[in-house]
Amino acid sequence: MSTCPPLAVDRLIGLAKISKSLVKRMEKEHKLPVRMREPVLNAELAKIGTIIKKMADPDIFVWLGRRAQATEVEIHRAATIVADRLCGSVANPIIRNAQEKRQLAEIKAWLEARGYKQLPAGGGTKFNAMPPGTFSFRMNVPIRLVGGEEALKLLEESEDRKPVIQEDEEGVKVNIPIDAVIMPKKAKRGDLPVFFEAKSAGDFTNTNKRRKEEAVKMAQLRNTYGNKMSFNLFLCGYFDSGYLGYEAAEGIDWVWEHRIDDLAKFGI
């Protein structure tokens, strides 16, 4: 939180070229590894310090690069800003999860008012075997991964629920969690359901990274199930024309929460 931009743990590990297990243990357990020899440990910690110092935000740590020492006011201000960033990073996922629950409740109410029935959780029904007129939330959809490690990394770094990764003789198989899976009433045998991801944003600052995650998910689904796959967004909040244009170029459509009746345009 002290750097510009703030560094994710995996990005810090890559930039500093250090042991992943060292950083993960420090991050999750607040401990140093007991089996790492002291010279090696000191060298690894020095690499972390070098990266953080090199990327330290000069607008926060205004005394860096000058001869005069930091004043108490400057230190207090810097600590307050870093703490605020940390609070935001903890609070944002909580807010997003609450928003997602509310958005899915809106979809559920809209569908049930039109005669759709929700499939029981854990019922074992596969997404491509859903009866017409049914829907399910947070359903896993298997895909065959293309794009190698870069695509897998984007899926793993997603702010949504993490994919489940398996390997077999045919390659890497990934179960992608989809927020809302809806089989239209008029669906015929062999038709695929309509997919929706619930997305909310309290400002415009974090949507550019997220649009890439959704584009990768769409590409993986279409590679596995063909171009007839319908993957869309259910949006609430601040999504600008840059974000929407990027998604449209990838073949991703959307429905605004305040215009939920537009779901009917997807044949639902």
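Calculated on the Cα set of the chain, radius of gyration then Dmax: 22.7, 75 Å.
Toward the positive end of the charge dipole of the chain, with +1 on the Cβ of Lys and Arg and -1 on the Cβ of Asp and Glu, the farthest Cα among T224, G202, A16 is that of T224.
Take every Cα pair under 8 Å in the chain that's 6+ residues apart, average their separations, divide by the length, and report that relative contact order as a whole percent. Write out the running numbers ahead of the final one.
Values: 316 pairs, mean separation 36.5, N = 268.
14 percent.
Using +1 at the Cβ of each Lys and Arg and -1 at the Cβ of each Asp and Glu in the chain, identify which of P184, I81, F239 lies farthest towards the dipole's positive end. The one lying farthest along the dipole's positive direction is P184. Among complete DSSP H helices in the chain, those whose alpha-carbon atoms stretch at least 15 Å along the helix's long axis and whose mean Kyte-Doolittle hydropathy reaches -0.5 are 38-55, 72-112. Using C-alpha pairs under 8 Å with a sequence gap of at least 6, the mean separation divided by the residue count of region 9-88 gives a relative contact order of 23 percent. Rounded to the nearest Hz, the phi-derived 3J(HN,Hα) couplings of region 127-135 under the Karplus curve 6.51 cos²θ - 1.76 cosθ + 1.60 (θ = phi - 60°) are 4, 8, 10, 5, x, x, x, 10, 8, where x marks glycine and proline. Applying 1/(1 + (r/R0)^6) with R0 = 25 Å to the Cβ-Cβ distance of S21 and N175 gives a FRET efficiency near 0.45. Springs between alpha-carbon atoms under 10 Å, Gaussian network over the chain: tell me which of V73, V62, V90 tops the mean-square fluctuations. Of V73, V62, V90, the Gaussian network model singles out V73 as fluctuating most.
For region 1-97, just say rounded, prolate or oblate: build the C-alpha gyration tensor, square-root its eigenvalues into a ≥ b ≥ c, call rounded for a/c under 1.5, and beyond that prolate if a/b exceeds b/c, oblate if not. Oblate shape, in that a/c is at least 1.5 and b/c is the bigger or equal ratio.
Listed by chain and number, the lysines whose alpha-carbon sits under 30 Å from that of K117, ignoring those within fewer than 8 places in the same chain, are K101, K108, K126, K162, K173, K185, K186, K188, K199, K217, K228, K265. Taken about its Cα centre, region 1-123 carries a charge dipole of about 440 debye when Lys and Arg each add +1 at the Cβ and Asp and Glu each add -1 at the Cβ. Listed peptides 126-133, 26-33 appear in the order 126-133, 26-33 once ranked by packing, highest mean of other Cβ atoms within 10 Å at the front.
Every read-out reported here was derived from the displayed coordinates using simple, explicitly stated rules and does not represent laboratory data. Predicted, not measured: the structure shown is a model, and the values here were computed from it. Every residue, glycine among them, receives a Cβ derived from its backbone with ideal geometry; neighbour counts consider all protein chains shown.
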